[in-house]
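Enquirer: After the structure tokens below, expect a handful of questions from me.
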Amino acid sequence: MQLEEKQSLVRTYYRTLSDAWGPQNWWPAASPFEVIVGAYLTQNTAWTNVEKAMANLRSAKALSVNGIRRLSLTELERLIRPSGYFRQKAQRLKIFVDFLDRKYGSSLAKLFARPTALLREELLALNGVGPETADAILLYSGNHPVFVVDAYTRRILARHEILPAETPYEDVRRLVEEALAPLAEIVQKPGILSSAPSASAVPPAPHPPTIMSASNRTALPQIYNEMHGLIVGVGKGFCRKSQPLCDGCPLQPFLPRLK
Ligand code: SF4
């Protein structure tokens, strides 16, 4: 399959899912720092466990840069225990806050004012920050135009024979980013990409709107934001690891064997 065909398919998937399900309200958080904490805590665990850990931090009034800084490591471990790998994650959150304090005077605004590529390198150099975590922080917390590649993205692209499952992260990211970039020019025209969900669609349960999901974004990050949310919806609702539920999946018409 030629690159142009792959890109065209990715755009078609975006339009199809967006028309079927509408906004997915990612990321579920009340502040940019909450996004960052969530991006760390969601590694290797289900979001329901992250929510319990976040609730503990909120109750302890520690869901802020100052809050994480003032907690002892032991207390932070205790509060985020429900998210699993809590010792590792507590240490990594402390490292992030220390990095923010030292390099950016504790200011997320200064951090996110950095050019995307440079900031991405800095984040990737931090202990415990891989590409998916770095990109989630850049996109959802910092409004930087990067697409977050997750296991669902790889699975869907592989099953539709667009990219092999073992394709390197950066190659998947580049394909989706370049495919969706042209849509940024028309995303804000009413009725083109913001249509109401179709009546026949059976959407997954999207997150309820939050301060961060409803925050003002530039067009390209907004498209990458929506695409990631829509892909998570496909992955959770239909494209299961062992047994995909293709019947009812909005992407079924694009399965290679049905062409
Ligand atoms: S569930 Fe089936 S149709 Fe839907 S994305 Fe997965 S493989 Fe494609």
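The values are calculated or read from the model by the stated rules, or taken from the named source; none is laboratory data. Since this is a predicted model, take the numbers as computed values, not measurements. In this analysis, Cβ positions are derived from the backbone assuming ideal geometry, glycine residues included, and neighbour counts consider all displayed protein chains. All accessible areas refer to the heavy atoms of the entire protein, side chains included, with ligands and DNA or RNA removed. Shrake-Rupley method; radii C 1.70, N 1.55, O 1.52, S 1.80 Å.
Enquirer: In the chain, carbon and sulfur make up what percent of the accessible area (probe 1.4 Å)?
Expert: 54 percent
Enquirer: Can you give the local net charge around K103? Use residues other than it whose beta-carbon is closer than 14 angstrom to its beta-carbon, Lys and Arg +1, Asp and Glu -1.
Expert: -1
Enquirer: Let me ask something else. At 7 Å along Cα-to-Cβ for each site, give me the label-to-label distance between S107 and L255 in nm.
Expert: 5.4 nm
Enquirer: Work out, step by step, the length gained on full extension between R69 and C246: first 0.36 nm times the residue separation, then minus their alpha carbon distance; give nm to one decimal.
Expert: Length difference between fully extended and current span is 59.1 nm.
Enquirer: What percent do you get for the relative contact order of segment 32-141 when only Cα pairs under 8 Å and 6+ apart count?
Expert: It comes to 32 percent, rounded to a whole number.
Enquirer: I211 versus T116, label points 7 Å from Cα toward the beta carbon: distance in nm?
Expert: 2.6 nm
Enquirer: Please compute the length gained on full extension between L124 and R78, using 0.36 nm multiplied by the number of residues separating them and subtracting their Cα-Cα distance.
Expert: 13.9 nm
Enquirer: Before rounding to the nearest 500, sum -39500 (n - 2.57) across all DSSP H runs of length at least 4 in the chain and divide by the residue total; then give [θ] at 222 nm in deg cm²/dmol.
Expert: Using -39500 (n - 2.57) per qualifying helix, the result is -16000 deg cm²/dmol.
Enquirer: Determine, for segment 32-141, the count of lysine pairs separated by eight or more sequence positions (or lying on different chains) whose alpha-carbon distance falls under 20 Å.
Expert: 7
Enquirer: When only C-alpha pairs under 8 Å and at least 6 residues apart count, what is the relative contact order of the chain, in percent?
Expert: Computed value for the chain: 32 percent relative contact order.
Enquirer: Could I have the simple spin-label model distance between T218 and E178, label points 7 Å from Cα toward Cβ, reported in nm to one decimal?
Expert: Here the answer is 2.1 nm between the modelled labels.
Enquirer: So, one more: Going by accessible area, probe 1.4 Å, with all protein chains left in place, what is the ranking of R58, R87, largest first?
Expert: R87, R58
Enquirer: Follow-up question, since we're still on this one. Could you compute the net charge surrounding P28? Neighbours are other residues with a C-beta less than 12 Å from the C-beta of P28; K and R count +1, D and E count -1.
Expert: -2
Enquirer: Highest first, please rank the peptides 20-27, 238-245, 65-72 by the mean number of other Cβ atoms sitting within 10 Å of their residues.
Expert: Highest-to-lowest ranking by the protection proxy: 20-27, 65-72, 238-245.
Enquirer: Now, a different point. Taking the Cα centre of segment 65-177 as origin, work out the dipole magnitude from +1 charges on Lys and Arg Cβ and -1 charges on Asp and Glu Cβ, in debye rounded to 20.
Expert: I would put it at about 520 debye.
Enquirer: Using θ = phi - 60° and the Karplus form 6.51 cos²θ - 1.76 cosθ + 1.60, what ³J(HN,Hα) does each residue of segment 15-21 get, whole Hz, x for Gly and Pro?
Expert: 4, 4, 5, 5, 5, 6, 10
Enquirer: Net charge around L17, counting only other residues with Cβ within less than 14 Å of its Cβ (Lys, Arg = +1; Asp, Glu = -1)?
Expert: Around L17, the charge tally is +1.
Enquirer: Averaged per residue, what accessible area in Å² does segment 111-176 show with a 1.4 Å probe, protein chains only?
Expert: 38 Å²
Enquirer: Another question, if that's okay. Quick one: Karplus J couplings for segment 232-237, per residue in order, coefficients 6.51, -1.76, 1.60, θ = phi - 60°, nearest Hz, x for Gly and Pro?
Expert: Working through the residues one at a time gives 4, x, 5, x, 6, x Hz.
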